[in-house]
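Engineer: Let me begin by handing over the structure; questions about it come next.
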Amino acid sequence: MNENIWVLMTGDSVALATTLILAALGALFTERSGVLNLGVEGVLLTSAISSFIAADSSGSVWVGLIIGSLAGALLAGIHAILAVVLRANQIVSGLALVIFGTGLANYLGKPYEGKTISVKLTDLTFGPLSDIPLLGPILFEQDIITYLALTAAVVSSLYLFRTRPGLEVRATGDDPATVDAQGLMVSTIRIRYTLFGGLLMGLGGSWLMLAESAAWHQAATTNGVGWIALALVVFASWRPIRLVIGAVLFGFTLQLPYTLQAENITFIPQAFLQMVPYVATLISLIALSRPGSTNALGAPKSLGIPFVRDER
């Protein structure tokens, strides 16, 4: 067995976890405020093509990241208007966002189909640290957004569970009537964190385009990562640190079929291994949708329920 292949695969798993962490953190903040956004896949696709066009036109990867992130926030803003302001069904609104985002990405990306990106994010170099056996290629050969995503998860955990604004957003997802009684605007908090969640999702989609993908191919760019991110939030019980562990595990399962193929290990069907992360996603989403299951899983008690002041 070639140990180098497995070390490289683990490093790639950490890198692939970047999009999962950012997208899932975006969904986590949105859901902690009580808003369910199932449109992550659509947001990722739209932000990916937006970042591609911006980076290709400007020649700057940073312009691509910024534009892609803003595109994610814009799509999340549409969902916020529908779900919070107009009190539309949040499941229907989220699924509509997937359809809209996919269609928009297809329309914007048609002239760029198959085109290679002119600029890409590169890995940081840490000198001798990168040469440490086993750990070096895994921990010290990643790009700046990967380190930012890992840092964001730690900061998010401290923010949610150690600060007053974090308490407010958690309370808004659990008991919005009490938050309203304290003189805080439930709708403002929910819109704010839905937009912030969209910004994180947008950054995740932009990174996927500018660091992982060599060219724009809509069918293969996200490949269902948005749905995995939603399941990851459930898997992590709406806690950011657990989310990182789950993201790396999901990244590992996504990379495993290719590594086994390179090692000529064929007793496990490759199609079965490729199916595993999506089966786990399906199970998580089914668990979330079962009556009474959200409280058992640790979900915010008012997740997906519009707040109406007169109904307190």
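The values are calculated or read from the model by the stated rules, or taken from the named source; none is laboratory data. Because the structure is predicted, anything quoted here is derived from the model rather than measured. All Cβ positions, glycine included, derive from the backbone under ideal geometry; neighbour counts span all protein chains shown.
Engineer: If the Cβ limit is 6 Å and pairs must be 6+ apart or interchain, which residue in segment 165-185 that is closer than 15 Å to THR30 by Cβ pairs with which residue that is surrounded by 14 or more Cβ atoms within 10 Å (Cβ to Cβ) and charged (D, E, K, R)?
Structural biologist: From segment 165-185, the pairs are VAL169/ARG32; ARG170/ARG32; GLY173/ARG32.
Engineer: If you don't mind, there's one more thing I want to ask. What are the residue pairs meeting all of these: first residue in segment 109-127, first residue over 23 Å from TRP62 (Cβ atoms), second residue part of a loop (DSSP other than H, G, I, E, B) and modelled with pLDDT of 85 or more, Cβ atoms under 6 Å, and 6 or more apart or on different chains?
Structural biologist: Every condition considered, no pair remains.
Engineer: Please work out if LEU249 is at negative phi and crowded, with 23+ Cβ neighbours inside 10 Å.
Structural biologist: no
Engineer: Take the residues of segment 122-134 that are exposed (fewer than 14 other Cβ atoms within 10 Å of the Cβ) and assigned to a helix (DSSP H, G or I): which is modelled with the highest pLDDT?
Structural biologist: The qualifying residue modelled with the highest pLDDT is PRO128.
Engineer: Okay, next question. Quick one: which residue in THR194, THR172, THR188, THR151 is modelled with pLDDT of 95 or more and either farther than 29 Å from ILE67 by Cβ or among the charged types (D, E, K, R) (or both)?
Structural biologist: The match here is THR172.
Engineer: Report every pair of residues separated by at least 6 positions or lying on different chains whose Cβ atoms are under 6 Å apart, first residue within segment 235-248 and assigned to a loop (DSSP other than H, G, I, E, B), second at pLDDT below 90.
Structural biologist: Filtered contacts from segment 235-248: ALA236/GLY246; SER237/GLY298; TRP238/GLY298.
Engineer: Okay, next question. Quick check on ILE78: is it in contact with a Leu (Cβ under 8 Å, 6 or more places away or on another chain), free of Cβ contacts under 8 Å to residues at least 40 places away in the same chain and assigned to a helix (DSSP H, G or I)?
Structural biologist: yes
Engineer: Within segment 28-47, how many residues turn out to be part of a helix (DSSP H, G or I) and touching a His at 6+ places or on another chain (Cβ under 9 Å)?
Structural biologist: 2
Engineer: Now a separate question. Is there any pair with a first residue in segment 300-312 that is surrounded by 15 or more Cβ atoms within 10 Å (Cβ to Cβ) and a second that is at pLDDT below 90 and of a type outside the set (A, V, I, L, M) whose Cβ atoms are under 9 Å apart and which are 6 or more apart or on different chains, and what are they?
Structural biologist: These pairs meet every condition: PRO300/THR294; LEU303/THR294; GLY304/THR294.
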